[in-house]
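Step one of this worksheet: look at the structure below.
Where a number appears in this text, it was derived from the coordinates with a stated rule and is not lab data. Remember, it's a predicted structure, so these values are computed and weren't measured experimentally. Note that we place each Cβ from the backbone using ideal geometry, even for glycine, and neighbour counts take in every protein chain shown.
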Amino acid sequence: MAGAGTPLFLARRSYRRRRMMDAARLLPLAGLVMILLPVLWHPADTPIPDTARGMIYLFAVWVGLILAAAALARGLAPALDAEEEAEGSTPEPGDS
């Protein structure tokens with residue numbers, strides 16, 4: 001192969017956009033794992049359940065997922081807008 005020794009160059013903007021899209025796809029899975037994590041916690045030495053710590057954890061995970069989704073949406077908005085403009089420039093058959 002002639003190009004085997006040359007490094008592959010990817011544009012920085014498209015590389016970051018693809019990594020952000022990957023993160024957006026993995027966010028629900030990461031959220032599920034973090035929400036199910038309290039199931040693995042061992043109860044305290046007392047017979048009374050320790051629900052306060054679990055609820056604080058769940059609400060913190062919930063808020064963290066919302067903030068992460070908002071950050072990803074804000075970062076991906078320009079790319080998605082450009083994609084919609086490119087699709088909107090060619091009218092589909094049957095559109096009036």
Under the Karplus curve 6.51 cos²θ - 1.76 cosθ + 1.60, θ = phi - 60°, whole-Hz ³J(HN,Hα) for the range 58-73, x wherever Gly or Pro sits
4, 5, 5, 5, 4, 5, x, 5, 5, 5, 5, 5, 5, 5, 5, 5
Given a Förster distance of 30 Å, the FRET efficiency implied by the Cβ-Cβ spacing of Leu36 and Arg74, rounded to the nearest 0.05, works out to 0.60
In nm, to one decimal, how far is the modelled label at Leu27 from the one at Arg12, with both set 7 Å along Cα→Cβ?
2.4 nm
